[in-house]
Amino acid sequence: MTKTELDTLIAEERRRYAREWREKNREHLREYNKRYRAKNKDRLKQREREMWERKALKRLENEKTATTV
């Protein structure tokens, strides 16, 4: 096997390895993002619910103080 053939084989092997790594990494990121988005969505819904609870409690408290005066 000549040096150029060997260099060609090495270059092909590097490209194949890089392609496999990118595909694996892309799949991993896709799964991670799916889980992260779901978790983040739940967190946002919870935060919004807490905000509305605070507003409702504040309104009830204001109504109560308005009626007691």
Original post:
Rolling a 1.4 angstrom probe over the protein heavy atoms, how many square angstrom per residue are accessible across the chain?
Top reply: 103
Original post:
With the Cα gyration tensor of the chain giving a ≥ b ≥ c as the square roots of its eigenvalues, does the rule (a/c under 1.5 for rounded; else a/b larger than b/c for prolate; else oblate) give rounded, prolate or oblate?
Top reply: prolate
**OP:** With all protein chains present, calculate the accessible area of residue 54 using a 1.4 Å probe and round the result to the nearest 10 Å².
**Re:** 150
Original post:
In square angstrom, rounded to the nearest 10, how much accessible surface does residue 26 have for a 1.4 Å probe?
Top reply: 130
**OP:** Leaving ligands, DNA and RNA out of it, rank 61, 5 by accessible area with a 1.4 Å probe, largest first.
**Re:** 61, 5
Subject >> Positive-end residue of 68, 8, 38, charge dipole of the chain with Cβ unit charges >> reply: 68
Subject >> Size of charge dipole - the chain - debye, nearest 20, with Cβ of Lys, Arg +1 and Asp, Glu -1, no other charges >> reply: 400
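The values are calculated or read from the model by the stated rules, or taken from the named source; none is laboratory data. Nothing here was measured: the structure is a model prediction, and the numbers come from that model. Neighbour counts are summed over all protein chains in view; Cβ atoms, including those assigned to glycine, are modelled from backbone coordinates with ideal geometry. When the accessible area is computed, the model is the full protein with side chains, heavy atoms only, and any ligands, DNA or RNA have been set aside. Shrake-Rupley method; radii C 1.70, N 1.55, O 1.52, S 1.80 Å.
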